[in-house]
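Visitor: Below is a structure I'd like to ask you about.
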Amino acid sequence: MNDKLIIAIDGPVGSGKSTVARRVAEMLGYTHLDSGAMYRAVGLKALRCGVPLDSPERLSELAEGAHIDLAPREGKLSVILDGEDVTEAIRAPEVSHAASVVAIVPGVRHPMVAEQRRAGEQGGVVMEGRDIGSVVFPHADLKIFLDASPEVRAGRRQRELEEKGEPMEFEKVLEEVHQRDRRDREREMSPLVRAEDAVVVDNTAMDAEETARAIVMLAKEKASAVAG
């Protein structure tokens, strides 16, 4: 029997999903799969190709023809779009916005979800996003809903932008966080919701390492229960 779990981590922007999921995967010896990176890659391709973000048909065609691979390299996850490493390029603010728009298009989500399921079906993966436990892997062995106060999440996002040399006033970042929350929760397809059987981990007062250790403890408990 395969004792490697499928761990799904969902949560809003700024909750630390990527950092925490990467650390959890490292601690467990699992593979980290960043579902959001796939939508960012589609958003990047749309911007580069001049495809209007308000054209679902063209965005769907674009997604169907995109070749996106998530490849672990030197301890980090590299995002390969049509043979090009776009790991850094997909983190630009304009790409983040484009990703949140293309992610609500059914014709974009269908091929991305299929690819995510294929990548994680064997277990031994930590996948994070906004609908992993509710849509992509509804039967995941362990589901985590990671959350924090909007102010703390905005502060994290602001520091992230500053590190990239793209400073932004806190009030503007906070407003963007509120807007992103509304978009994610109100979208018709795969909205951001907490799966009924997800464990809520509020890391408002926790750093990434503390959060990761708490999730690893939950994972080990689940693995023991499955094995027993």
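Visitor: Select from segment 20-61 the residues that are basic (K, R) and closer than 13 Å to V108 by Cα and list them in ascending order.
Guide: If the condition is that a residue be basic (K, R) and closer than 13 Å to V108 by Cα, then R40, K45, R58 are the ones that fit.
Visitor: Moving on to the next point. Out of G36, G43, G50, I need the residue that is closer than 24 Å to A212 by Cα and small (G, A, S). Which one?
Guide: G36
Visitor: For segment 122-167, which residues satisfy the criterion of being touching a residue at least 60 places away in the same chain (Cβ under 8 Å) and charged (D, E, K, R)?
Guide: Of everything in segment 122-167, those that are touching a residue at least 60 places away in the same chain (Cβ under 8 Å) and charged (D, E, K, R) turn out to be E128, R130, D131, D141, K143, D147, R153, R156, R157, K164, E166.
Visitor: Report, by residue number, each residue of segment 69-83 that is at pLDDT below 90 and not in a loop (DSSP other than H, G, I, E, B).
Guide: Of everything in segment 69-83, those that are at pLDDT below 90 and not in a loop (DSSP other than H, G, I, E, B) turn out to be D69, L70, A71, P72, R73, K76, L77, S78.
Visitor: How many of the residues in segment 14-56 are crowded, with 24+ Cβ neighbours inside 10 Å, assigned by TED's automatic domain parsing to the domain that holds A225 and among the β-branched types (V, I, T)?
Guide: Summing the residues that are crowded, with 24+ Cβ neighbours inside 10 Å, assigned by TED's automatic domain parsing to the domain that holds A225 and among the β-branched types (V, I, T) in segment 14-56 gives 2.
Visitor: Collect the residues in segment 173-213 that are among the basic types (K, R) and either exposed (fewer than 12 other Cβ atoms within 10 Å of the Cβ) or within 15 Å of D147 (Cα to Cα) (or both), keeping them in residue-number order.
Guide: Once the filter is applied, which keeps residues that are among the basic types (K, R) and either exposed (fewer than 12 other Cβ atoms within 10 Å of the Cβ) or within 15 Å of D147 (Cα to Cα) (or both), segment 173-213 yields R180, R182, R185, R194.
Visitor: If the Cβ limit is 6 Å and pairs must be 6+ apart or interchain, which residue in segment 24-36 that is more than 23 Å from H97 (Cβ to Cβ) pairs with which residue that is among the charged types (D, E, K, R)?
Guide: That search, which allows pairs on different chains as well, returns H32/R22.
The values are calculated or read from the model by the stated rules, or taken from the named source; none is laboratory data. What you are looking at is a predicted structure, and each value in this text was computed from that prediction instead of being measured. Neighbour counts are summed over all protein chains in view; Cβ atoms, including those assigned to glycine, are modelled from backbone coordinates with ideal geometry.
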